[in-house]
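Undergrad: Got a structure for you, written out below as C-alpha cells; questions coming shortly.
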Amino acid sequence: MTELLRVENLQVGFGDRQVVKGVSFSLEAGRCLAIVGESGSGKSVTARTLVGLTGGTSQVTADTLEFDGRDLRGLGDRQWRDVRGRDIGFVLQDALVSLDQLRPIGREIDEALRLHDYGTRDERRRRVLHLLDEVGIPEPLLRVRQLPHELSGGQRQRALIASAIALDPKLVIADEPTTALDVTVQARILHLLERIRDEGSALILISHDLAVVARMADEVAVMRHGEIVERGDAREVLADPQHEYTQALLDAIPSTHSKGTRLSPGTPHVTTVPARPARPADAPVLAAEGLVKRFRGPDGRDRTVVDDVSFTLSAGETLGVVGESGSGKTTTARLALALTEADGGRVLLNGEPWSELPEKRRRGRRREISVIYQDPLSSFDPRWSVERILADALPSDARDPRKRVAELLDLVGLEDEHRARRPLQLSGGQRQRVAIARALAPEPSVIVCDEPVSALDVSIQAQVLDLLTDLQEQLGLSYLFISHDLGVIHHMSDRVLVLNEGKVVETGTADEVFFAPKQPYTRALLAALPTLEPRGERPAMPEPSPTPSSSDTVEVSA
Amino acid sequence: MSAAPITPVGPATTRVDVSGALRGVRPGLALAFAIVGFFVVSALLPALLAPYDPFDVNLRDALQAPTLAHPLGTDQSGRDVLSRVIYGARESLYIGLAATALSLTIALVLGVAAGLSGKFTDGVINRFIEVLFAFPVLLLALLFVTVFGAGTTTLIVAVGVGTAPGYARMIRGQVLAVKNSGYVEAAGALGHSYPRIVRRHILPNAMRPLVVLLTLGVGQAIVWASGLAFLGLGVAPPSPEWGAQLDAGRTYITQAWWLEVMPGLAIVWFALALTAIGRWIQQRLEGGQR
C-alpha cells in the first residue's frame, strides 16, 4: 500500500495559545487511523488542518504536510476548496448544525458535486440518488427533497456522509461522526464508514469513544494537550496501553466495569468506599403504576409516548432506564417528577400519593425529589452565581445558608472559589457538579438523573459517575437514572428498565438484563454496542435487526 | 476531586473591567460615543457649548452662510444655527427619551401579559398588538393632533404609542423563551411558586434586551418626532427643536441650504450614533449569553 498522507511536526496555534504541538502521523489507503482524546486535546483542530479549515486567526506550520504527493502547506482558499470534497471528504459531528436548515439534502449533496464540476444536471441527479441509496437512506426519491429537520438523526448523519463521499475522495475524515446518535444508529453509521474504507478510501476517525475506535481503527493515536502521547497498532494500544493517559481513558469506560468499581483515578472523594451493603427491600421511595402519557402529534393524532410503564425504586437503589431517543425515557422522568400530568396511572412518592395531587400541594413536598439534567448550563439562570443557584435551592427553613452552600460545594468536590462564578465560567464537569449540588440542596430521598453525563468527556464522565456513586453511599439516595448509554446504565444500576416506543420491554437486575437479555429488542440493543475487542477478534458486526426505531429502518446491503 | 483536570472554560466571559471593555472599541464606535456625548451635554448644559443665545434675533445678520463667527450660518431672523442646534438637542432628546419610555412601558405591559398568560389571553393581546401595528405612526399622530392639538406632549404620545407594538412583540417572544427555558423548569422542580419564578427568573431575563431596545428606540423616536414636527404636527417654531427648525427653514431652502442641512445632519448623526451604540451593546449582551 502506498502512503497517502504524511504529517510531520504539525503545529497549530491561535494567537499565543499553541493547540497542536508537533504532531506526526501517516496513513495508507484503505486504512483507518483513529485520533483519540478529550475535548481540548487538539484532535479536532488536527483534523481541520488537513482540510484547511482551521480559521483565519490560526498559524499552521509543519515540516511535512503531504497528501497524495501534493504539499498542502500554504494552499490558498481556492486551492483548499479544490482539495476539500474532491480529494478529502470531511464529516462533521453534528449533522443538524452542519446541514443548511433551509435546503433539501439533495441540493446539499448536489452542491458538493457542482462545485467540482461533476457532470451534467442529470448525471448529478443520478449520482445524488445513488449516493443516498449507498449510505442507506431509505426512499431516496422522497428524501432528496426533504429538509434536514424532516430526517432522523441517523439519516442526517448519513446525508452528511453522502455529501462527503460524493466525489469518491481518497481520504475521509470523520469528526465524532456518531457521538450524538443512539447505539443502533451508531452501529449502522460505523458499518457504512467501514464499507467506505473497505472500498479503498483512507479514513481518519476522530473520537473520544474508545469502543468505537476499537471497532474501526487499524491504528490509534492518543492525543492530549496537543501532543500525541501514544501511537500504534490499534489492537496493541488498546490491549496493552503504554502511556498512563491511555490507561486512564480505558479505565474511564463504564461498560467494562461493573457496579462498585471506580472509574476515575486518584484518591476517592469519600474516604473509603465500602462494599455495597445488601439493600433492605422495604417500601419503595418511588413507585409508578401504569403510567400513560399521550401527546398530540403534528398530524393531529394522539401519540402515546409512555404506555403502561410501572416501576418501583427502593431506598438507596439505582433504577436504570435505558432506551433510544424517542423511547419515552425523558417523559417518564418528567412524569416521575410530576412536571407533566399523566394521562393514566399514578406515581407514589415515599409511599404517598404524588402525581394525583394538585401542584399547590405537591410544591411543599418537591424537596423530596430532585432532578439533574443532561445540559446543566441551560438549567441555570445565566445571571446567577453558583452561590445564588445553590442558596435558591435550599429549603426555606435552612438555618445557615452560607455554611450549607459551602457544605454542598465540598460534597460535590468544588472549591470555594467557584462560589462566585457564573455557570458560563465553569467547565462542563464543574457545571454538572453544581447541578448535583443543587439537586442535593433540598435533601431529597430520590434524584432523577436525566442523561446526566451524556454531554461530558469520558474521563469527566467517570468522575461524575463516581461522585454520584459516592453520594449515594454517603446519603442513602435513590436514583432514577436515565441514559441512552448502555455502558453507563450497566455501571450505575442495580436494576434496569428497558424502554422502547413507550413500553417496558424488559426489566430485571442489571446483570440479568446485560448478560442474559430475554427480549430480542434488548439483545439487538446490546449487539449494537461497540466493545473494546479490537477488529478481527470477533465476528463481523451483524447489522442490528430487527431495527428498533421505525423512523430509521431500511439498510441497503453493500 | 482535587485530581480533576480543569477543562478550559470556553470563550472566557470574565467580569468586565473597563480597559477590557474599551479595548475592542472600533474608531466608528468611539465617534458614536463622542457624538452622543456632545448632544447629551448640549441637552443638559446648552449654555456651555452654544456661542450665542438661540433666540437672539438680529435681522442684520439674517441668512448668512457658514462663517467663522457663525460656523453653521444664521437663519432668517439672524439667529445662530449652531446655537439653535445645540439648544434643540434638549427638546429632541427629551421627546426621544419620553416617547421611548412610554413606548417600552406599553410594550412591557402588553408583552409580559401576553407572554405569561394562557393561550386565550395571549391571543387577544396579540390581535390587539396587530391592530396597533396596522396603524401607521403618521396616521396615529394626525389622530392625536386632531384630538389634543399640536405640541410636545402629543408628539410624545403619538410616537410612543406608534412604536409600541414592535417592542411588545419582541418582549413577548423573550418572555416565552425564558418561560420555556430549562432554568424555569428547574426552579419549578425545586418547588418554587410561580409568582416567585416570574419575579426572580422570567422578568429579569426577559428585560435583558431592554437596554438595547431603549438605545435603538431613542434614535428612532427622534427621527419620528422630527418628521412630525417638520410636517407641523409637533413642536412649532420658534422652538429650536430639530424638526421644527427644518420646518421653519423650508421656505428659504433655495437661498439658505444650511437651514435644512445642519439640523438635518444633527438628526442623522445622533440617530446613527445611538444605533451604533445600541448594536454594540446588543452584541456584547448576546456574546455574554453564549
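No lab work stands behind these numbers, since they all come straight from the coordinates. Keep in mind the model is a prediction, meaning the values are calculated, not measured. Neighbour counts are summed over all protein chains in view; Cβ atoms, including those assigned to glycine, are modelled from backbone coordinates with ideal geometry.
Undergrad: Please state the charge dipole magnitude for chain B, taken about the Cα centre, from unit charges on C-beta atoms (+1 on K and R, -1 on D and E), reported in debye and rounded to the nearest 20.
TA: About 1240 debye.
Undergrad: Let me ask you something else. Quick check for me: using +1 on Lys/Arg Cβ and -1 on Asp/Glu Cβ, what's the dipole size of segment A:3-253 about its Cα centre, in debye to the nearest 20?
TA: Value, rounded to 20: 920 debye.
Undergrad: Points 7 angstrom from Cα along the Cβ direction at A:Arg81 and A:Ser454: gap in nanometres?
TA: The two pseudo-label positions are separated by 3.8 nm.
Undergrad: In sequence order, what are the phi-derived ³J(HN,Hα) couplings for segment B:68-74 according to the Karplus relation 6.51 cos²θ - 1.76 cosθ + 1.60 with θ = phi - 60°, rounded to whole Hz, with x for glycine and proline?
TA: Values per residue, Gly and Pro as x: 5, 5, 10, x, 10, x, 10 Hz.
Undergrad: Within segment A:331-372, list the residues whose amide N lies under 12 Å from a label point set 7 Å along Cα→Cβ of A:Arg294.
TA: A:343-344
Undergrad: While we're here: Using helices alone, what [θ] at 222 nm do you get for chain A, with -39,500 (n - 2.57) per DSSP H run of 4 or more residues, divided over all residues and rounded to the nearest 500?
TA: Counting only the DSSP helices, I get -9500 deg cm²/dmol.
Undergrad: If you don't mind, there's one more thing I want to ask. Efficiency by 1/(1 + (r/R0)^6): what FRET value for A:Gln247 and B:Lys119, r their Cβ-Cβ distance, R0 = 56 Å, to the nearest 0.05?
TA: Working from the Cβ atoms, E equals 0.45.
Undergrad: Still on this structure, I have one more. Once amide H atoms are placed 1.01 Å from N in the peptide plane, what residues at a sequence separation of 5 or more from A:Val229, or on another chain, have their amide H within under 5 Å of its amide H?
TA: The list, which skips near neighbours in sequence, is A:Val222, A:Met223, A:Arg224.
Undergrad: At 0.890 mPa s and 25 °C, plugging the Kirkwood radius over alpha-carbon pairs of segment A:3-253 into Stokes-Einstein gives what diffusion coefficient in µm²/s?
TA: 133 µm²/s
Undergrad: Among the listed pairs A:Lys43/B:Lys179; A:Lys329/A:Lys360; A:Lys293/A:Lys518, which are separated by more than 31 Å between their Cα atoms?
TA: Violating the 31 Å Cα-Cα cut-off are A:Lys43/B:Lys179.
Undergrad: Further question: From the square roots a ≥ b ≥ c of the eigenvalues of the alpha-carbon gyration tensor of chain B, which class results: rounded (a/c under 1.5), prolate (a/b over b/c), or oblate?
TA: oblate
Undergrad: Among B:Gly166, B:Leu31, B:Val124, flag the residue with its Cα farthest along the positive direction of the charge dipole of chain B, charges on Cβ as +1 for Lys/Arg and -1 for Asp/Glu.
TA: Selected residue: B:Val124.
Undergrad: Between B:Arg208 and A:Glu199, what is the FRET efficiency for a Förster distance of 51 Å, r being their Cβ-Cβ separation, to the nearest 0.05?
TA: Here the calculated transfer efficiency is 0.45.
Undergrad: Still on this model: Spin-label point model (7 Å from Cα, Cβ direction): what's the A:Asp416 to A:Asp63 distance in nm?
TA: Here the answer is 5.0 nm between the modelled labels.
Undergrad: Follow-up. Aspartates and glutamates within cross-link reach of A:Lys503: Cα-Cα under 17 Å, excluding same-chain residues under 8 positions apart?
TA: Correct list for A:Lys503: A:Glu289, A:Asp302, A:Asp307, A:Asp308, A:Glu324, A:Asp343.
Undergrad: If you don't mind, there's one more thing I want to ask. Using θ = phi - 60° and the Karplus form 6.51 cos²θ - 1.76 cosθ + 1.60, what ³J(HN,Hα) does each residue of segment A:7-18 get, whole Hz, x for Gly and Pro?
TA: 10, 10, 6, 6, 10, 10, x, 10, x, 9, 9, 8
Undergrad: Further, regarding this structure: Do the sum for chain B: with -39,500 (n - 2.57) for every DSSP H run of n ≥ 4, divided by all residues, what is the mean residue ellipticity at 222 nm, to the nearest 500 deg cm²/dmol?
TA: Roughly -22500 deg cm²/dmol at 222 nm, from the helical runs in chain B.
Undergrad: Which one of B:Pro209, B:Gly115, B:Gln76 is farthest out on the positive end of the charge dipole of chain B, using unit charges on Cβ (Lys, Arg +1; Asp, Glu -1) and the Cα centre as origin?
TA: Checking the options against the dipole of chain B, the answer is B:Gly115.
Undergrad: Report the antiparallel proportion of the DSSP beta bridges in chain A as a percent, rounded to a multiple of 5.
TA: Once the DSSP bridges in chain A are tallied, antiparallel ones form about 55 percent.
Undergrad: Also: List residues of segment A:470-496, by number, whose backbone nitrogen lies under 14 Å from a label position 7 Å along Cα→C-beta of A:Thr509.
TA: A:493-496
Undergrad: Considering only C-alpha atoms, what is the centroid distance from segment B:150-215 to segment A:480-500, in Å?
TA: About 41 Å separates the Cα centre of segment B:150-215 from the one of segment A:480-500.
Undergrad: State the extension gain, in nm to one decimal, for the chain segment bounded by B:Arg26 and B:Trp257, taking 0.36 nm per residue of separation less the distance between their alpha-carbons.
TA: Additional length available on full extension: 79.9 nm.
Undergrad: Apply 1/(1 + (r/R0)^6) to the Cβ-Cβ distance of A:Asp16 and A:His225, taking R0 = 22 Å, and write down the FRET efficiency to the nearest 0.05.
TA: After rounding, the FRET efficiency stands at 0.90.
Undergrad: Under the rule of at least 5 residues apart or a separate chain, name every residue whose amide H is placed under 5 Å from the amide H of A:Val448.
TA: So A:Val448 has HN proximity to A:Ser370, A:Val371, A:Ile372, A:Leu480.
Undergrad: Can you pull the three principal axis extents for the Cα set of the protein assembly as shown, in Å, largest first?
TA: So the three principal-axis extents are 105, 72, 52 Å.
Undergrad: Using the basic label-point model (7 angstrom from Cα toward the beta carbon), what is the A:Glu359 to A:Glu236 distance in nanometres?
TA: The two pseudo-label positions are separated by 6.3 nm.
Undergrad: Can you list the residues, at least 5 places off or on another chain, whose amide H is less than 5 Å from the amide H of A:Val19, using H built in the peptide plane?
TA: Amide H neighbours of A:Val19, under 5 Å, 5+ apart: A:Val12, A:Gly13, A:Phe14.
Undergrad: Looking at A:Thr54, A:Ile105, A:Thr331, which one has the Cα that reaches farthest to the positive end of the dipole of the protein assembly as shown (charges on Cβ: Lys, Arg +1; Asp, Glu -1)?
TA: Value: A:Thr331.
Undergrad: Still on this model: Placing +1 at every Lys and Arg Cβ and -1 at every Asp and Glu Cβ, with all other atoms neutral, what dipole size does the protein assembly as shown have around its Cα centre, in debye to the nearest 20?
TA: The calculated dipole for the protein assembly as shown is roughly 2400 debye.
Undergrad: Helices from chain B with mean Kyte-Doolittle at least 1.6 and a Cα length along the axis of 18 Å or more, per DSSP H: which? Walk me through the numbers on the way to the answer.
TA: Working: long enough: B:27-44 (26 Å, 2.27); B:81-116 (50 Å, 1.47); B:119-134 (22 Å, 0.71); B:152-179 (38 Å, 0.82); B:210-230 (29 Å, 1.97); B:258-289 (46 Å, 0.62).
The qualifying helices are B:27-44, B:210-230.
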